[in-house]
Every structure is written in C-alpha cells, then in structure tokens.
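The values are calculated or read from the model by the stated rules, or taken from the named source; none is laboratory data. Note that the structure is predicted; figures quoted are calculated from it, not measured. Positions of Cβ are generated from backbone atoms using ideal geometry, with glycine treated the same way; all protein chains shown enter the neighbour counts. For accessibility, only protein heavy atoms count, side chains too; no ligands or nucleic acids. Shrake-Rupley method; radii C 1.70, N 1.55, O 1.52, S 1.80 Å.
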Amino acid sequence: MLTNLHAIIFTNRSNYESNLNELTAVRSMSSVPYGGRYRLIDFMLSNMTNAGIADVGLVLQENYQSLLDHVESGKDWDLARKRGGLRLLPPFSQKPGSGNPRGRVEALANLGSYVADIKQEYILLADGDVAINIDLHKVFDAHIASGADITPVVTSKYTGEPQCTVYYVAKEDGQYDIVHGPDEPVGQEDLNIYIMSKDFLLKQVKEAATHSNFYSMIKHVLLPNASKLKICPYVFEGYASRITSVASYFKRSMELLEPAVLADLFTPERPIFSKDRTDASTYYSPESRVTNSIVSDGCIIEGVVENSILFRNVKIGKGCVVKNCVLMKDVEVGENTALNYVIADKSVSISANSTLGGAESYPLLLGKGSKV
Amino acid sequence: MKKECVAMLLAGGQGSRLYALTQNVAKPAVPFGGKYRIIDFPLSNCVNSGVDTVGVLTQYQPLELNVYLGNGEPWDLDRANGGLHSLAPYTLAGDAGSWYKGTANAIYQNIGFIDQYDPEYVFVLSGDNISKMDYREMLAIHKERNAAATISVLTVTMEEAKRFGIMNVRDDDSIYEFEEKPAHPKSNLASMGVYCFTWSKLRKYLVEDEADPNSSNDFGKNIIPNMLNAGETMMVYRFNGYWKDVGTINSLWDANMDILDPEGDLSVYDQKWPLWARNPIRPPHLIQEHASINHSFISSGCIIDGDIQNSIISDSVEVGHGAIVRYSVVMPGAKILPGATVEYAILAEDVVIGAGAHVGSDQVYDDPNKKVAVVGKGVEIAPGAEIEAGAMLYPEKKGGDK
C-alpha cells in the first residue's frame, strides 16, 4: 500500500497526438483504444490501483469527453472513494485565462493550490498514454533507497520517436547526461514516469507560477540541473508501449499477438482493469476460421480472421477474409469483404462485397463511425 | 420508501441433482453460458422489467453466492432506495427462528423486509430457471383481473404434464384447481415457479400458513391451494418464450447448448434484453496458430490452440495444441492440456485435464438419457487417463473447506 504517494496522471501530455490523425481527433491520447478492450489510460490507472495508491489526480486539457465517459467515477479501478480516490482536474478548475499549458509544471501551477494541498510526502507524475504494467512499489522503494531528488522510470527497449524523447546516459561519476531529442536513441529512454518529493515538486510549481518562461519538467527542471540534482533512473525491464503514429499504433497492437508480450502486459498478479460492460462471449460460427488473433467478448465471427485484433462486439460476416487488421468496438464487416492492413475505429461499418487494404508501414485508417 | 413491486428470489436450494457441481456452492451460483451464473437470468429479468428492489433468499452454501452478488452493482441494483439484499435465515429472541422450512416460510421470515417498501405487489421467483421473461406482462394481467395471485405457466405436452405442477383453468384463464404431478392431467399448463401476488393478500396467507403446524410451508403445496380454497381470484400468465429448469446435469447441459444459438430465444446478443453479470476483467482471448473453432462460445482471458466444436468456453480457460473439446461446457479457469479430448462433458472451475487424457465419449445429441461426464471444481485428471461417459468426479476437498 503506497499510502504516502500521490499520483498525478497527465492525459494530454503527448508530443505525438497530432501524428495519430483521426484516432485522436475524437479523443485524447490517453483515451485511444488499445489491446482489444482497453483504453491507454487503463494501464496507468491499474498500476495505481495495484500499488495501493489511493489518491489519483487526472489532469485533463482538451478533447476529454471520451475519457470522462470511460473513467466516470473511477469505480472500475476501485478509485471511487469516500476519502481520496480519483480526482478529475479539468481546465476550468485551473487558473482563469491560462489556456493550454506548455508543460507539466505549468499544468500543475494552473491547478492553484492542488499540489500544495496534497497530504502525501511523495508524488508520482505519469503520462496516461503508456501501455505498461509496472510494479510501482519497486520504483518507490528505489526512490527512497537512493535518496534521489527525482527517480525517472527508463527502459532500454526504445518505444518513442527519438526527436521527441529524453534519454539518460550514465557517466563515470554516477551522474547522468540527459539528452533531449537526439537523432538516434542513446542510453536509457525516459518513460515519463517520475517520483519525487512533494517539496521538490512544489518548489518547481511555485517557480512556474512566478516565471512565465518556466513551464517544462524536461526543459526547465531536468535539463538545466542534470549535474546539480540527484537523478537515479529506475530501469524497467518489462514491456512498455507508446503510440507515436498510426504505423506505430499498428505495430504496437500486433506485438500483443506474441504470447510473451501478452503475458507480461496482463500478468494475473497485477490485473489491468477497465470499464466493465458485461458483454457476452464471442460466437464462432461453423463457417469461421480464426488463427493468431486477439478477440474480445461480444463478437460474432462468421468469416476468416488472421493476425488481427478484434475489440468488443465486432461482427464479421460470412465469406469475409480479415487479415492484419485492428477492428475497434462495434465495427461491422458485411459479407464477402476482404480487409488487409486496416485499422477501423469504433462503430465503423464496412459494406458487403468490398475490398479494402493498406500496407504494413501505412495501414488504412477508417475514422470513428464512418461507413465504407 | 414505497415501491410498487418487490421481487423475492428463492436462491437457497441445494440443487442436489447437480451432484459434483453443487458440492460447495448453491445452485443459483453455478456458472452458465460462458459469462453468467444461473441467478443472472432472474436478476436480469428483474432489472429489465423495471424491478429495482430484490431480496435474494439464501440458505445452502451461501458464501460464493453472496460474494458474487456483492452490493448488486453489476445488475445496477446498488440503490439508495431498494436495490439487492441477500436475506439469510436468522434467529429471534428466546431461541426462536429457524432455517427456512419451505419456500413460503422463507418469504414469511422476511415479511419485515418486504413491509419496509409497503409494496402493492410481490414477485416470488425461482433462482434456478433459465428464461428471459418480462415480469411486466404478468403484472399487467394481474392488475387487469384484480387477481390475488398470477402464476406464470408453460404449455407442455400431456405426457410432460405428469412431471409438473399443473394449473387447471376456466375459459377466462382463471385457475380453479392446482394439481402436483397428476397421473391423469386435465390440462397442460405447467407452473414455472414464477408468481405475482398482491402483497396484502399474500401476507395474510403467509401468516395463516405459519400458524398451521401441519403445513410444509411451501407455495405449491400450501399457499396456492389455500388461496384457491378461499376463492381468491387466481390467474395464469401464459409464457411463450424459452424456459428451462436446470435442476439436472442433462438439463443444465441442454440449456447451455441452447444458449449457443445466436439467433435463438436465449440469444446473448439481444440488445433489447441484455443479460447482466459480474465478470472478472480479463484481457481478450488469444486464438493461436493451430486453433479451429466451430459453433462455440469463447470468453475473455482464454488461450486457445486446440479444436473446439459445439462448446461453451468460459473465461480464463486454456486449450492446448491438439486438444479437442466437443459438445462440452467448460467453466472458468479450466485447463485442457495438449492432446486431451473432452466430449459431452461439463468441466467445473479450475479443472485440469492432463495431456492426452480422454473425458467422456460421443453421445446422441438429442437423447434425453445421454451420459454427460462431470468433473468437479479443481479436480486434476492425470495425463492419459480415461474418464468414462457420465462419470461424476467430485471436487477435491482442501484443508479448511467443509
């Protein structure tokens, strides 16, 4: 039980949002559907729940209706509590006229006294768009043991676009060089999960409140102070996935077809919770032929499906051949249709007797609710 | 606060004819149809019929059932006013009080619960029937005829009628006689164990019945005949949909096979009559390289690499490469290891079928006397073992269990 740790999740802090085209036109990055039945935010929220973190603030910025519909009171993550629990922090709770914050520190400064009022001694900052199943107890213990000013979670299995990502390169004196946006990845990649003391964070937030050119955790806190602060990266060995483009969304989705990745991300010791909808089982008709695929509940499959990910309540008609596709919730594919390298967003309807396809490096993306 | 209707769900039955499946759990909590338990059917019927106050009468092995019901949240029955309440028998001052002596006594003991809501009508429902039923239709007949009781009935064959409680009715569908398992039935209207009562009337008969030391305190044996004898207006509600009492292994197996039909009366995909249940949040299922699936349900958390035909696979089940599952019901958490064969069988939760083992054998699908093998909760079948058709393997007793 990490009762002395308060978590704050940033739901829009992504450099990649614009690369995802229609996937993020209707939702925030944290609300992007992933892994058959989840939204990206489910992973970080579940990490909190599994570590016994009982106070979680969710910083919302724009385009957050979809996310609110999903998290509701936080009940499905056991975060609807009489004391503490999930606290939604929408823009209107922030400083009037503040607009979209330019960085994490400014976003926190805009929340008025939120940080100052936190009861816990330690604070965890995390982005809501990383699919990761991490034991935060271990990160916290490492932070306490090292006495670091800041403990970032890092990985040597690169997930981001180097130009938009921060890397840590160990030096001989035990300190780290922090490299922002190199051409090629170096050292360990920052996963945008940080533990620090409340006092430390509050100091940065106060600085941001008084200096308009101080707003970024990376640019204004980490980079200028790399040699002055005690920064002790925590190396995460498991699977983490970050979506940086439509192509990477496709690649990261397909990685889930590897049983080892699936077992790592969904280890029964730390279940990933999501909104519960009580869907029925999936029905496989006598004509169906499905191999090497991830299929969620509530689907009705009457055709051929290979190397694909089906979200809930997808319908695949007779005579269809669906290969290398990601079909989100409520997608319907009419009879005798062939799909290859297609990502269909929620409620897309694909008519019978059609043929649609993209390429592995450039999958065809069909926007939410479209009829093709 | 006043409610028009309160539902009382009889869920204390042992289900002794389900043998290995009900050793440690009440019949209504037996898993069914991939994602459900038997009790989800009457509970979903209540919610879909607009009944938001439900008392669940528990007695036999209530732990798992009570854990499953929780605060009623999965059925939207966690309400500030009304909602779901689990009602166990209790004692009174001076060593009074008792186990529920019969179905009527179970309701009698909870008169106080019902009176809290001062209802006009009370539904008394069986917790172990598989059916999708709109109780509002029964209530409409009940109100229209200003009846004291309305009993839902199913039209059966005259031959089947000998095994049921039969309602003999006049031309206007009012009941003049009730016969339990008649040798020479006069009608083919079989009681489904689903009743609608005017509460003020039922309350009176329950109190009188309790005062009768010779009564079995049972609805069919005592309350219904007493009301008829007193000349109360009692109606039948003719139900035309799917209904099955899943009291035996074969009827439980049959009902599972019936729910597999996505177009059928029990269809789990009907958005107009959703089925609610408490489910663990598990990742989607993974269908691997060698899997072949034909006319079957697969649920979340499964990893399937075998051949599955005409079967219900509940959540978190593993079926290995080369394993065959045919005409079977597999409950949550079971593992069927590579090369094993399971035919005409019901595997309870967390069963392990060892590699190459063979459970059950081919049967005639429609044969009412077919032999379905049953493997109780947590039983591990050794690799290569042969388990004959119709076998009944009881759950392993672990330290601390009763």
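Quick notes on this one:
- In segment A:285-311, comparing the full protein assembly with the chain on its own, the residues that lose 20 Å² or more of accessible surface at a 1.4 Å probe are A:Pro286, A:Arg289, A:Val290, A:Thr291, A:Asn292, A:Ser293, A:Ile294, A:Val295, A:Asp297, A:Ile300.
- Gyration tensor verdict on chain B (Cα atoms; rounded if a/c is under 1.5, prolate if a/b is larger than b/c, oblate otherwise): prolate
- Protein heavy-atom accessible surface, 1.4 Å probe, per residue over segment A:5-265: 38 Å².
- Under 5 Å between amide hydrogens, built in the peptide plane, is the criterion, and for B:Gly83 it picks out B:Thr53, B:Val54 among residues at least 5 positions away or on other chains.
- Its Cα centre serving as origin, segment A:283-366 has a Cβ charge dipole (Lys and Arg +1, Asp and Glu -1) of approximately 60 debye.
- Calculated mean residue ellipticity at 222 nm for chain B: -5000 deg cm²/dmol, from DSSP H runs with n ≥ 4 weighted as -39500 (n - 2.57), summed, divided by the residue count and rounded to 500.
- Whether segment A:5-265 is rounded, prolate or oblate, judged on the alpha carbon gyration tensor where a/c under 1.5 counts as rounded: rounded
- Excluding ligands, DNA and RNA, the accessible surface per residue across segment A:283-366 is 33 Å² with a 1.4 Å probe.
- The trypsin sites (Lys or Arg not before Pro) of segment B:255-343 that DSSP puts in a loop, and whose beta carbon has at most 12 other beta carbons within 10 Å, are B:Lys272.
- Solvent-accessible area per residue, Å², over chain B with all protein chains present [probe radius 1.4 Å]: 40
- Cut-off of 10 Å, at most 10 other beta carbons, DSSP loop: longest stretch of chain B lacking such GluC sites (Glu not before Pro): B:1-262
- Shape call, segment A:283-366: gyration tensor on alpha carbons, a/c limit 1.5: rounded
- Here the accessible area is traced with a 1.4 Å probe on the protein chains. For the protein assembly as shown, carbon and sulfur cover 48 percent of it.
- Considering only alpha-carbon pairs that sit under 8 angstrom and 6 or more positions apart, the relative contact order computed for chain A is 15 percent.
- Interface size B-A, as summed buried accessible area [1.4 Å probe, Å², nearest 100]: 2700
- Karplus-derived 3J(HN,Hα), 6.51/-1.76/1.60, for each residue of segment B:323-339, Hz, glycine and proline x: 6, 10, 10, 10, 6, 9, 10, 10, 8, x, x, 6, 10, 10, 7, x, x
- Charge dipole of the protein assembly as shown (Cα centre as origin; +1 on each Lys and Arg Cβ, -1 on each Asp and Glu Cβ, all else neutral): 1480 debye, rounded to the nearest 20.
- For segment A:191-265 versus segment B:183-198, the inter-centroid distance based on Cα atoms is 67 Å.
- Annotation for segment B:140-238: chymotrypsin sites (Phe, Trp or Tyr not before Pro) lying in DSSP loop with at most 14 further Cβ atoms inside 10 Å of their Cβ do not exist.
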